[in-house]
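See structure below.
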Amino acid sequence: MTHLPTFNRSLLHPRYWPTWLGLGILYLLVLLPYPVIYRLGTALGRFSMRFLKRRVHIAHRNLTLCFPDMPAHERDELVRKNFESVGMGLFETGMGWFWPEWRVRHWFTVTGDEHIKQAHLDKEGVLLVGIHFLTLELGARIFGIYNPGIGVYRPHDNKLMDWIQTWGRTRSNKSMLDRKDLKGMIRSLKQGEIIWYAPDHDYGPRASVFAPLFAVPDAATTTGTYLLARMGKPAIIPFVPRRLPDGKGYEMHILPKVQDMPLESELAAATRMNQVVEEAILMAPDQYMWLHRRFKTRPEGQPSLY
């Protein structure tokens, strides 16, 4: 498994003081009552639209590409709600890292845990499909409280952030693997572990195929699903952590095992996985990470969609 970053004195160097300050402020903010956090987070998200205009444009563009028939006023409202989720996502990261377990449990309900238990009874590893919702960090924390697993991540360039995010994510989970460590993932799946896996972003042309996603016929999609499913033979189980409106908390839906994952080709597996991703996104479309340039990688000769 990947060597996890540990705390050392070098993280106290002055170059990290701004990061320490930001983390300290976030820690203090998430001590507030959750209804206050909800009001602050959504307000921050709406305010951020004024200076994150490029990200607002990307969100509009992604929604236009995915849902070309959506009326303009509905798309505008969805973008506004999405940026409320962006603001909440900052606070939810702090909640996921810093809240004690009792407080996390207080604001969450979980359905579908029987699907994980069945996979364990069947002696299958679990490829846990974690979509890039803005509730990502908090959702991973609550899932780990019930079913500790192994996260897949990209090491952070900032050594302090790399340490703190790993510390936060392993508070209720077992370990972390570098997303490039395919052999480690396959080995863990064969050992019956739960591997948290996010197949829904554009990771570039390497190890990708072009498969449909919503109304976009050629979205660059990782081939990792094909390799992990074919070699690790796991139960593929999606989950959706969803924020409830008006500061009422959260619900996590662990969905049934994907029964019909085709393994005759990388394209077939990617196409089916994108269908799984679509179904999950539609459960909370306002909370998905639309500000990511999901369709930046294009087939050779095609112009940028942005």
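Derivation of every value follows stated rules applied to the coordinates shown; laboratory data play no part. Computed from a prediction, not measured in an experiment: that's the story for all the values here. Glycine also receives a Cβ, built like all others from the backbone with ideal geometry; neighbour counts cover every protein chain displayed.
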Antiparallel bridge percentage (DSSP; both residues within segment 108-287; nearest 5) = 35 percent
What pairs in K180/K296; K183/K257; K257/K296; K117/K233; K81/K159; K190/K248 have C-alpha atoms more than 27 Å from each other?
-> K257/K296; K81/K159; K190/K248
Determine the shape class of the chain: with a ≥ b ≥ c the square roots of the Cα gyration tensor eigenvalues, call it rounded for a/c under 1.5, and otherwise prolate if a/b is greater than b/c, oblate otherwise.
-> rounded
For segment 108-287: rounded, prolate or oblate by the Cα gyration tensor [a/c cutoff 1.5] = rounded
Contact order relative to length for segment 11-135, counting C-alpha pairs under 8 Å separated by 6 or more residues, stands in percent at 32 percent
Excluding same-chain residues fewer than 8 positions from K174, which aspartates and glutamates have a Cα within less than 17 Å of its Cα?
-> E101, E137, D162, E193
Exposed GluC sites (Glu not before Pro) absent - longest run of the chain, DSSP non-H/G/I/E/B, at most 13 other C-beta within 10 Å = 1-263
Can you give me the span-like helices of the chain, meaning DSSP H runs with 27 Å or more of Cα extent along the axis and Kyte-Doolittle mean at or above -1.0?
-> 72-98
Loop sites in segment 16-113: chymotrypsin sites (Phe, Trp or Tyr not before Pro), DSSP, at most 15 other Cβ within 10 Å = F51
Cα gyration tensor of segment 227-272 diagonalised, 5x eigenvalues square-rooted, in angstrom largest first, produces semi-axes 31, 11, 8
If we count trypsin sites (Lys or Arg not before Pro) as exposed when they sit in a DSSP loop and have at most 10 other beta carbons within 10 Å, what is the longest stretch of the chain that avoids them all?
-> 207-306
Answer rounded, prolate or oblate for segment 102-195, using the Cα gyration tensor with square roots of eigenvalues a ≥ b ≥ c: rounded when a/c is under 1.5, else prolate when a/b is larger than b/c, else oblate.
-> oblate
